[in-house]
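For reference, the structure is listed below as structure tokens.
The values are calculated or read from the model by the stated rules, or taken from the named source; none is laboratory data. Predicted model only: the values in this text are computed from it and were never measured. Heads up, the Cβs are rebuilt from the backbone with ideal geometry, glycines too, and the neighbour counts pull from every protein chain shown.
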């Protein structure tokens, strides 16, 4: 595995207590945590067979069908394709990926942050609600430590600053699918029931983009999509389907199977290799807010953060959507209870995956998960593509929390359309524990 040397580190105060959300959604509760020194050490990636991070574990992910992916090799490929990616480990055994020499600042804090890092920064890039500060590489600034100093202690603690975390949708690696897609026979197109009280329910999908498909290619909302939404199926030009290609198209189909009359609005935030970053997600959220928002937003991707606390910059971008928008996100596929963002945020519905009546072996779980839905061998729309090994004719079966989340998003959108409800009211009804069964650390059960 390629070795990247750690930037220098200076001892600073602890990042503070861990934040947990009450199961019933009230104010966060705080639990004491042993102080740690933000060191941002680089560490080898553990195998995901058990879903636990840290140490040198097995390097293959174990699923219902046995070993599926060599995690160490997959990490090496990510680092090779993204030379500015750095793996950091502030809390021992809990690594995260960040962009080297970048910090993100909420727009209103940009001036103050720039003044504080002026001696190190190389350039400033302003976007709506977000400023990206690029630091000079020769300065070898530890971006994790800098974020802690600017936002976690002293008189500067109110600054909303974060490293630019990588968000992932790579199969069986933090988020996204848990196995490879498999060709499936055609699935009947979803048909909206007549007499729906609302015909304007909109679901935004932040993912790999969207490819044409018979289920929706004649719909007005699909023709309104820009060319930038098109999925990249073979970005590395190796004549094979990229690992995450078709992910957005598959998710769109899952939403439509539960809400056939929904209007979808797609935005590409990760590439065909399943990699993007926090800035890409924030940029898409700002675009969505400018566009007028959506009733429901599905985010089937995410990341662990360097300190296991939510990124304040991403949190503010989600809050800017307003209280009438429901955000649903996948819980991730590492079989761990480590908080996965943005699913673990208080204002987001985090969704785990079920295999029958039990938690899918790959699914994350924990106090921060709100709901669970079937996530194994899900059938949906997919791309048309043929390589030397496999031929896809527009349909596939796939597994992962990525596909449990849009089932919940679709259920909320479908109820809103049928009964003429706003999305928040529909979500409250779908997730009402008084009328549904629950599972510990998995939340409310949403059946197929």
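Couple of notes before you dig in:
- Residues of the stretch 290-317 classified as surrounded by 20 or more Cβ atoms within 10 Å (Cβ to Cβ) and free of Cβ contacts under 8 Å to residues at least 12 places away in the same chain, total: 0
- Being closer than 22 Å to residue 443 by Cβ, in contact (Cβ under 8 Å) with a residue 12 or more places away in the chain, in contact with a strand residue (DSSP E or B) (Cβ under 7 Å, 6 or more places away or on another chain) and not in a loop (DSSP other than H, G, I, E, B) is a description that applies to residue 327.
- Verdict on residue 343 being at pLDDT 95 or above, assigned by TED's automatic domain parsing to the domain that holds residue 313 and not in a loop (DSSP other than H, G, I, E, B): no
- Scanning the stretch 423-448 for residues that are out of contact with any helix residue (DSSP H, G or I) (no Cβ under 7 Å at 6 or more places or on another chain) and over 16 Å from residue 351 (Cα atoms) gives 424, 425, 434, 435.
- Any pair with Cβ under 8 angstrom, 6 or more apart, that starts in the stretch 203-223 at a residue that is under 11 Å from residue 250 (Cα atoms) and not assigned by TED's automatic domain parsing to the domain that holds residue 293 and ends at one that is modelled with pLDDT of 95 or more and surrounded by 14 or more Cβ atoms within 10 Å (Cβ to Cβ): none
- Filtered residue count, the stretch 400-418, keeping only those that are outside any helix (DSSP H, G or I) and surrounded by fewer than 24 Cβ atoms within 10 Å (Cβ to Cβ): 0
- Among the residues of the stretch 224-235, the ones that are farther than 20 Å from residue 382 by Cβ and without any contact (Cβ under 8 Å) to a residue 40 or more places away in the chain come to 3 in all.
- Total residues in the stretch 85-109 satisfying the condition of being in a helix (DSSP H, G or I) and either in the same structural domain as residue 316 (by TED's automatic domain parsing) or surrounded by 20 or more Cβ atoms within 10 Å (Cβ to Cβ) (or both): the figure is 1.
- Residue list for the stretch 374-407, restricted to those being out of contact with any strand residue (DSSP E or B) (no Cβ under 6 Å at 6 or more places or on another chain) and under 22 Å from residue 344 (Cβ atoms): 399, 400
- Unmet requirement for residue 256, which otherwise passes all of (1) under 15 Å from the mean Cα position of the chain (by Cα); (2) at pLDDT 95 or above: (1)
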